[in-house]
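Peer 1: Have a look at this one before I ask anything.
Derivation of every value follows stated rules applied to the coordinates shown; laboratory data play no part. Everything quoted here is computed from the prediction, not taken from an experiment. Heads up, the Cβs are rebuilt from the backbone with ideal geometry, glycines too, and the neighbour counts pull from every protein chain shown.
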Amino acid sequence: MKILITGFDPFGGEAVNPSIETVRLLPEKIAGADLIKLEIPTSFQRALPAIEKAIEKYDPDVVLSVGQAGGNAAIAVERVGINLSDARIPDNDGFQPMDEPIAADGPAAYFTTIPARRIVERLRRDGIPAVLSYSAGTFVCNQVTYGVCHLLATRFPKKQSGFLHIPYLPSQVADRPQEPSMSQDMLVAALTAAVETIAAAW
Ligand code: PCA
């Protein structure tokens, strides 16, 4: 099987984004699954088209997107994407949608289709803090969560998709000691375990 795994470029004044940093460190193959890695921009207008193009090019079975959730202390496995963009800060293009639907003709929400609970259980068994999450926010990560679900539902019904929100890297919060973070090694172990769980359930 093939898994398209995406990570975002840095945004909001950060020097790095742990999502693409960690995706880059993964091997090309995990548990028999071929990984196709893709960096996507933190951009409401450009992120989804980049994923759509990669789906058309590589025909993956699963699209697993990863994003930074500053302030989180655990891996959050997102279960829901909602049809709303309401940005607290501008994206990397200076675009800040408010109260806007993602798909004018789409349903209010989609559930992600990867085995979310099994991933959380596996991560916890491995000693990695993890939680099921019922909101991916209303910024670009929710747009990707919802938008990929909408794309698959309308064009590629046999494919699965899901979203993982991950904490800051320690280097990002070196001067903010109150902020939680997760080591690079643990983030790599977490994404590896998530891919293994998806591959085993496929
Ligand atoms: N996190 C942002 C968008 C890009 C990223 O890594 C979010 O949570 O929406």
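Peer 1: State the number of residues belonging to segment 3-32 that are surrounded by 14 or more Cβ atoms within 10 Å (Cβ to Cβ), part of a strand (DSSP E or B) and more than 16 Å from the ligand (Cβ to nearest atom).
Peer 2: Of the residues in that region, 3 qualify.
Peer 1: Going residue by residue through segment 75-88, is there one that turns out to be within 14 Å of the chain's Cα centre (by Cα) and of a type in the set (Ser, Thr, Tyr)?
Peer 2: Within segment 75-88 (the criterion being within 14 Å of the chain's Cα centre (by Cα) and of a type in the set (Ser, Thr, Tyr)), the answer is no, since none of the residues qualifies.
Peer 1: Kindly list the number of the only condition in (1) within 13 Å of the ligand (Cβ to nearest atom); (2) of a type in the set (Ser, Thr, Tyr); (3) under 22 Å from residue 33 (Cα atoms) that fails for residue 112.
Peer 2: Going through (1) within 13 Å of the ligand (Cβ to nearest atom); (2) of a type in the set (Ser, Thr, Tyr); (3) under 22 Å from residue 33 (Cα atoms) one by one, residue 112 breaks only (1).
Peer 1: Which of (1) more than 18 Å from residue 165 (Cα to Cα); (2) of a type in the set (D, E, K, R); (3) in contact with a helix residue (DSSP H, G or I) (Cβ under 7 Å, 6 or more places away or on another chain) does residue 53 not meet, given it meets every other one?
Peer 2: (3)
Peer 1: Still on this structure, please answer the following. Do the conditions hold for residue 35, that is, is it within 16 Å of the chain's Cα centre (by Cα) and within 15 Å of the ligand (Cβ to nearest atom)?
Peer 2: On the way: within 16 Å of the chain's Cα centre (by Cα): yes; within 15 Å of the ligand (Cβ to nearest atom): no.
No; evaluated as a whole, the condition is false for this residue.
Peer 1: So, one more: Do the conditions hold for residue 48, that is, is it more than 10 Å from the ligand (Cβ to nearest atom), in a strand (DSSP E or B) and surrounded by 16 or more Cβ atoms within 10 Å (Cβ to Cβ)?
Peer 2: No.
Peer 1: Of the residues that sit in segment 161-174 and are assigned to a helix (DSSP H, G or I) and polar (S, T, N, Q), which one is surrounded by the most Cβ atoms within 10 Å (Cβ to Cβ)? Walk me through it before giving the result.
Peer 2: First, pick out the residues of segment 161-174 that are assigned to a helix (DSSP H, G or I): 170-173.
Narrowing further to those that are polar (S, T, N, Q): 171-172.
Working: 171: 12, 172: 20.
Across segment 161-174, the extreme among qualifying residues is 172.
Peer 1: Then there is this: Take the residues in segment 57-70 that are more than 10 Å from the ligand (Cβ to nearest atom) and in contact (Cβ under 8 Å) with a residue 12 or more places away in the chain, then tell me which one is surrounded by the most Cβ atoms within 10 Å (Cβ to Cβ). Break it down stepwise before answering.
Peer 2: Start the filter on segment 57-70 by keeping residues that are more than 10 Å from the ligand (Cβ to nearest atom), which leaves 57-64.
Then keep just the ones that are in contact (Cβ under 8 Å) with a residue 12 or more places away in the chain; that gives 58-64.
On the way: 58: 14, 59: 12, 60: 24, 61: 17, 62: 22, 63: 30, 64: 24.
Taking the candidates together, the pick is 63.
Peer 1: Among the candidates 177, 90, 97, single out the residue that is more than 24 Å from residue 48 (Cα to Cα), of a type outside the set (Lys, Arg) and part of a loop (DSSP other than H, G, I, E, B).
Peer 2: That would be 177, the only listed residue that is more than 24 Å from residue 48 (Cα to Cα), of a type outside the set (Lys, Arg) and part of a loop (DSSP other than H, G, I, E, B).
Peer 1: Within segment 121-160, take every residue that is assigned to a strand (DSSP E or B) and within 16 Å of the ligand (Cβ to nearest atom) and give me the one that is nearest to the chain's Cα centre (by Cα).
Peer 2: 133
Peer 1: Of all residues in segment 95-108 being of a type in the set (A, V, I, L, M, F, W, C) and more than 16 Å from the ligand (Cβ to nearest atom), which is farthest from residue 162 (Cα to Cα)?
Peer 2: Going through the qualifying residues, I end up with 104.
Peer 1: Specify the residue that is farthest from the ligand (Cβ to nearest atom); the eligible residues are those in segment 161-175 that are over 12 Å from the mean Cα position of the chain (by Cα) and hydroxyl-bearing (Ser, Thr, Tyr).
Peer 2: 171
The rows are residues; the columns are (1) in contact with a Lys or Arg (Cβ under 6 Å, 6 or more places away or on another chain); (2) among the hydrophobic types (A, V, I, L, M, F, W, C); (3) exposed (fewer than 13 other Cβ atoms within 10 Å of the Cβ).
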{"site": "93", "(1), (2), (3)": "no, no, yes"}
{"site": "97", "(1), (2), (3)": "no, no, no"}
{"site": "101", "(1), (2), (3)": "no, no, no"}
{"site": "106", "(1), (2), (3)": "no, no, no"}
{"site": "109", "(1), (2), (3)": "no, yes, no"}
{"site": "114", "(1), (2), (3)": "no, yes, no"}
{"site": "117", "(1), (2), (3)": "no, no, yes"}
{"site": "120", "(1), (2), (3)": "no, yes, no"}
{"site": "131", "(1), (2), (3)": "no, yes, no"}
